[in-house]
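K.L.:
Mind having a look at this structure? Questions to follow.
A short reminder: the numbers here are calculations on the coordinates, not readings from a lab. Given the structure is predicted, the values throughout are model-derived calculations rather than measurements. As a convention, Cβ positions derive from the backbone with ideal geometry for all residues, glycine included, and neighbour counts pool all protein chains shown.
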């Protein structure tokens, strides 16, 4: 495969000789800049540095670090990132054309871009006559000079220079000649790539394709890029159509984060380009695309946003099968219901446990447990009924696979109880002006003839309850000392009410993820009382650990019926 | 505007005379059938009936109610829906071609379709040779008869008959002649619309367009429909391209729910077709499109799924502005950063409060409160710093607007305290085999010289705390009796740790929505201790109620600085 030297300039990248077999599409990530305009996203300097380092490892060509003139955190990023030894990506600084009230040479914002000493600079300028009049409040002619002069001032100070043609498609629809004049001014100013931006996200893919074709005819000497937003739910398709029409650089963000409905999602664009055009395009260094699912998760964790389960390619549901018909077919040949091999993007197939998935998913799990189960065994029906009844109450087993395994073997007749709960209690109080809460739990359990009664404090009641429970059990079951709680999730289920109660008494679902030295597992609890829901999930977690380590485990044998 | 009679057949709908000015695109909703294949979606019969009734009011043409042969709930739906007096939509039953091992005339699954007495029937059949061999395990010739015969058996029993050409695009790419033969067989069998399905979601929009053009050339007599999935993040664009290429019916789901990455999202397709083609297409009865945001929310509530904030057109973030530059422009002219008028789909503009939004959002809120605030007032900077510090701890004010209003006036010097907290405590315990929890709270507060000490039980600790708090305050502030808690949301914030603690001690954010007879408001609390986070949000909620009703409220006057 033809591979570009990562630090070559875009002009080199266009060298026809390199593209004899495969066209390199430059990937310009703006998660740290445009992505942080999204609702609920706020990144610290440390977060920004971690994300940039991870994106460099993924192999994107450009990482837009922020707008140095706009705030101190962005400015610090450009100072600090130099100490992080990036090996592949260029760091790009974002800004705008100079103020309409001064000259480009004396513009403090352009100077801040130069002072941030990035590998690349990208400035945006107006190309929609409406914005020139309404937002800039200047003449169309003066805006052309602002574009040309601002780029010319930056040109000597930076290796790669890009121009973001803001609102280009709206501008072209309103006044095509003026929009093209803006591009010509940017080209004259020295921008290597003219990035056509659908800033409001309102342009459909077919329009993007047509307009880019017209731009290429009008300005054949320009190298074009594309920047789309998802307001019409077509940002990814718009970017792909732009590449098909000749764009050579794609701007986007991880997970499509960004203002309003978000930017074009690089996690979808990259595999769409690499996997769906018979090898015509390459975006990342060879063998790197299987990092996408991990990068997606990493960025959502750092941004502290829940991953979007249905996210194409990288979401946890992207290759999850639930319908019975689909499951039996996909077990025979994955291609029947999967458009790509999940591992190409670092994802994996999942068979979902639900009443809709029917017998095949139960049999699939039995196989996974190496447990011989006949498809006509009555227990299969019992288990399906039990799952249905529990789903109606708010349980979900798709992610709580350890709770499901216990349910499975109990339905088949496994009855061992490692301990009996007698009592537990929690309390929490805040006294006086000091606002530190005091959380405490007590647990009384019986193991055989032995009664253990323990108490513990903790950071919050569930933490106290976990400590007290394991204090009570560890004398009899020392292996529990290896176990730890990894994650704790709470979800209020507004659609399910225990009975007629007010807002605070909705049913809650708790998921607890635990781990020991060899394995991770998730358990579930559901109740209107959060403490009791947490207790259920804690108990399942401990019982699962005891069950899987149990040397005397006797699983019920099924006989043909 | 030309309007079709809702109960006309599709053949009537194609009557050229009706389309002199505007082409009617039939909207076929499959939320209840294909939508429920999505992870985490389980609908009861009552849920299904509520959704169908709401979709009828919205004005979709077809509502696919389920697969009567597959389960009892779906079967009951077809029986019950007749008593719900739908006024517009046709109810469609879903099924498959007959079994390869029998005849269409004697097929119980086809009989179940007839017995369910729907207005319309849609059956799917194989059109991909791979599936004929691997899934059906029959010959290509026999599959053609199965398609033709199954449709012919159904034809006399139903007003409208559709054929879902499963995996059509993969089939066409693998063996175009055979895929076309399947369509011809369906047309001969009597299907009025041949719906081309991209079942695996792997086909990009440009391919969909090309293939549909070839199908139209090969079988000009057929009326075509489109059914796409979002595995390539292009389902909406694929459906739009299909319509541009001549498809006259679109299948999809509300919010794009469905297996894996979901189906094509009708909440995006409908406005894309109606608003972005110069009036060339109509989908819903005139004036109905502004129900979309409400329908989206209604369906996510019934499905008990969190709404996707970034969802195009109807999401809460779809017209939310955060960047300072955008906010000042959009305050002058919404068109500068909004692709459509939000109210066209029943949505609204929002200005987000965050440190990135800068001074303009603070000034926007001051205007909203009718509070004269100079843009150079030092309090603006103080408030921005305070928001930043609190965002770093996990607070978010975009949705907690009542907590923000209190923060705003406190930053400006408002200091009134309606009461002082002395102590509060909660406890919860479960004793013996009975698993009912006993939750109790106590509260001690001071109002002036008066000390109130109350206790209450509740359904869970937060409910108990809310009751005890209002019991303590209502004697002094009787208006609190009008107030009620509407919703309670908990979110664990994995990225923010109070300090080095294990999984159960992550920071949690609580949002509480409250209401009285005239207003609804949301407040926020953040702490590693869930009870304390809940307490903060409860207190803000009560103080906001007292603040807004306070007849003696004295807001600090700002003087020019």
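K.L.:
For chain B, give the share of DSSP beta bridges that are antiparallel, in percent and rounded to the nearest 5; count only bridges with both residues there.
P.N.:
Numbers: 37 of 77 bridges.
Of those bridges, close to 50 percent are antiparallel.
K.L.:
Could you work out the mean count of beta carbons from other protein chains within 10 Å of each residue's beta carbon in A:394-404?
P.N.:
1
K.L.:
Please work out how much length the chain gains when fully extended from residue A:382 to residue A:554, using 0.36 nm per residue of separation minus the C-alpha to C-alpha distance, in nm with one decimal.
P.N.:
Answer, rounded to one decimal: 59.9 nm.
K.L.:
Still on this model: Could you state the number of Å between the C-alpha centres of the stretch B:55-108 and the stretch A:116-156?
P.N.:
58 Å
K.L.:
For the stretch A:185-245, treating each Cα as an identical point scatterer without solvent, what Debye log10 I(q)/I(0) comes out at q = 0.12, 0.21, 0.26 1/Å?
P.N.:
For the stretch A:185-245 at q = 0.12, 0.21, 0.26 Å⁻¹, log10 I(q)/I(0) is -0.27, -0.77, -1.05.
K.L.:
List the distances, in nm and shortest first, from the label point of residue A:368 to the matching label points in every other copy, placing each point 7 Å from Cα along the Cα-to-Cβ direction.
P.N.:
4.5
K.L.:
Which whole number gives the average count of other chain Cβ atoms within 10 Å of the Cβ atoms across peptide A:224-234?
P.N.:
Across the residues of A:224-234, the mean count of other-chain Cβ atoms within 10 Å is 6.
K.L.:
Taking only the alpha carbons of the stretch A:347-457, what extent do you get along each of the three principal axes, in Å, biggest first?
P.N.:
Taking max minus min along each principal axis of the Cα atoms, the stretch A:347-457 gives 62, 40, 27 Å.
K.L.:
Can I ask one more? If you put a point 7 Å past Cα along the Cβ direction, how far is that point for residue A:188 from the same point in each other copy, in nm, smallest first?
P.N.:
6.7
K.L.:
I would also like to ask the following. Can you pull the one-decimal nm distance between simple spin-label points at residue B:210 and residue B:479, each 7 Å off the Cα toward Cβ?
P.N.:
6.8 nm
K.L.:
For helix B:401-411, report the angle its Cα long axis makes with the longest principal axis of the Cα atoms of chain B; keep it between 0 and 90° and round to the nearest 10°.
P.N.:
Taking Cα atoms only, the helix is inclined about 30 degrees.
K.L.:
Got the relative contact order for chain A handy, in percent, Cα pairs under 8 Å and 6 or more residues apart?
P.N.:
9 percent
K.L.:
I've got another one for you. Nm distances between the label at residue A:138 and the same-position labels in the remaining copies, 7 Å along Cα→Cβ, shortest first?
P.N.:
Nearest to farthest, the other copies are at 7.1 nm.
K.L.:
Can you quote the Å³ per residue value for the convex hull of the Cα atoms in the stretch B:200-328, rounded to an integer?
P.N.:
So the per-residue hull volume is 145 Å³.
K.L.:
What percentages, rounded to whole numbers, describe P(r) for the stretch A:373-514 computed over all alpha carbon pairs with 5 Å bin width beginning at zero?
P.N.:
All Cα pairs considered, the percentages come to 2, 8, 12, 14, 18, 18, 15, 8, 4, 1, 1, 0, 0, 0.
K.L.:
Taking every DSSP beta bridge with both residues inside the protein assembly as shown, roughly what % is antiparallel (nearest 5)?
P.N.:
Rounded to the nearest five, the antiparallel share is 50 percent.
K.L.:
Take the stretch A:164-213, compute every pairwise Cα distance, and split them into 10 Å bins from 0; I just need the percent in each bin.
P.N.:
For the stretch A:164-213, the binned pair fractions read 26, 58, 15, 0 percent.
K.L.:
Remind me, what semi-axes does the stretch A:115-154 give for its equivalent ellipsoid, largest first in whole Å, using sqrt of 5 times each Cα gyration tensor eigenvalue? Display every interim value, and only then the final one.
P.N.:
Values: eigenvalues 110, 23, 11 Å².
Listed largest to smallest, the semi-axes of the stretch A:115-154 are 23, 11, 7 Å.
K.L.:
Follow-up. Can you give the percent of C-alpha pairs in the stretch B:101-173 whose distance is more than 18 Å?
P.N.:
The proportion of pairs with Cα distances above 18 Å equals 40 percent.
K.L.:
Let me ask something else about it. Compute the acute angle (0 to 90°) between the alpha-carbon long axis of helix B:461-473 and the principal axis of greatest extent of the alpha-carbon atoms of chain B; round to the nearest 10°.
P.N.:
That works out to roughly 40 degrees.
K.L.:
Sorted from largest down, give the three principal axis spans of the alpha carbons of the stretch B:333-403, whole angstrom values.
P.N.:
For the stretch B:333-403, the Cα spread along each principal axis is 38, 29, 21 Å.
K.L.:
In whole Å, largest first, what are the principal axis extents of the Cα atoms in the stretch B:419-476?
P.N.:
In descending order, the Cα extents are 46, 16, 12 Å.
K.L.:
Next question, about the same structure. How many percent of all Cα-Cα pairs in the stretch A:380-425 sit more than 15 Å apart?
P.N.:
Tail of the P(r) past 15 Å holds 54 percent of the pairs.
K.L.:
Treating chain A as a set of equal point scatterers at the Cα positions, no solvent, please give the Debye-formula log₁₀ I(q)/I(0) at q = 0.05 Å⁻¹.
P.N.:
So the normalised log intensities are -0.30.
K.L.:
Next up: Given a cut-off of 17 Å, what percent of all Cα-Cα pairs of the stretch A:97-231 lie beyond it?
P.N.:
Tail of the P(r) past 17 Å holds 55 percent of the pairs.
K.L.:
Follow-up question, since we're still on this one. Just counting partner chain Cβ atoms within 10 Å, what average do the residues of peptide A:308-319 show around their Cβ?
P.N.:
Shielding by partners across A:308-319 averages 6.
K.L.:
With each label point set 7 Å from Cα along the Cα-Cβ vector, what nm distance links residue B:83 and residue B:53?
P.N.:
1.2 nm
K.L.:
Tell me the Rg and the Dmax, in Å, that the Cα atoms of the stretch B:265-313 produce.
P.N.:
Gyration radius and largest Cα-Cα distance of the stretch B:265-313: 11.9, 37 Å.
K.L.:
Per the Kirkwood definition applied to all pairs of different Cα atoms, how many angstroms is the hydrodynamic radius of the protein assembly as shown?
P.N.:
About 31.6 Å for the protein assembly as shown.
K.L.:
Can you give me the angle between helix B:205-218 and the longest principal axis of chain B, using Cα atoms only, in degrees from 0 to 90, rounded to the nearest 10?
P.N.:
Around 20 degrees separate the two axes.
K.L.:
For chain B, what is the mean residue ellipticity at 222 nm derived from helices alone (per DSSP H run of n ≥ 4: -39500 (n - 2.57); sum divided by total residues; nearest 500 deg cm²/dmol)?
P.N.:
On the way: 17 runs with 197 residues, N = 561.
That comes out to -11000 deg cm²/dmol.
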